[in-house]
Amino acid sequence: MDFSGYMRIEGENQGAIEGSSLRRGRRGLVNIHGFKHGVNQFSQSRNNLNNGPVVHQPVAISKEVDKSTPHLYQALVTKENLTIDLEWFRFDTRGEEQLYYKIHVVGAYITQLEQWMPEVKSVEVEHQRLMETVSVFYDEISWHWGPDGDTAFTTTWRGEA
């Protein structure tokens with residue numbers, strides 16, 4: 001794989017929620033196996049586009065069940081306020097791993113934690129074990145591009161920039 005993703009979670013009550021990554025430089029983070037998020041602007045017609053609401057979908061992260069799992073259930077059940085960083089790395093032309101994309105989420109609350117297991121006889125997913133998808137709503141989200149995050153945009157759940 002030429003890129004990899006990790007999740008860093010800080011709970012208002014639990015503090016840092018540790019994952020099971022053993023990768024040098026990212027030890028204790030949560031490995032991201034899948035990710036989905038969307039922001040939509042609804043409108044009934046092209047002429048009405050500016051009047052349609054901007055609707056944020058929950059951030060959904062797929063990961064292996066790991067040492068963070070009980071803490072994530074605790075955060076869900078106790079409605080704990082979280083700060084979450086999702087970071088993706090890829091190899092540059094020198095073969096060194098470099099941060100290229102980051103999503104920073106503030107005021108996050110887990111709304112769903114769903115465990116599942118891939119079809120074990122499928123070659124494409126035989127390396128995956130017991131998995132889970134964590135879905136979170138948030139107050140504020142920032143998207144950062146580049147190793148220094150110099151291209152960025154921040155908005156709120158209500159679409160306020």
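Before moving on, here are some points about what is shown:
- Entry for mean projected area of the Cα convex hull in nm² (calculated from the structure that is shown) out of [x] 12.0; [y] 9.4; [z] 10.9: [x]
- Value of relative contact order over segment 82-122, rounded to a whole percent, pairs C-alpha under 8 Å and six or more apart: 39 percent
- Working note: Karplus 6.51/-1.76/1.60 with θ = phi - 60° gives segment 6-17 the couplings 9, 10, 10, 10, 10, x, 4, 9, 7, x, 5, 9 Hz, where Gly and Pro are set to x.
- The magnitude of the dipole of segment 1-152, with charges of +1 and -1 set on the Cβ of Lys/Arg and Asp/Glu and taken from the Cα centre, is near 160 debye.
- The chain: calculated mean residue ellipticity at 222 nm from DSSP helix runs of at least 4, using -39500 (n - 2.57): -1500 deg cm²/dmol
- Contour excess over end-to-end distance, with Cα ends at Thr156 and Arg27 and 0.36 nm allotted per residue: 43.4 nm
Values in this text are rule-based calculations from the coordinates and carry no lab data. These numbers come from a predicted model, not from an experiment. Using ideal geometry, Cβ is built from the backbone for each residue, glycine included, and neighbour counts are taken over all protein chains shown.
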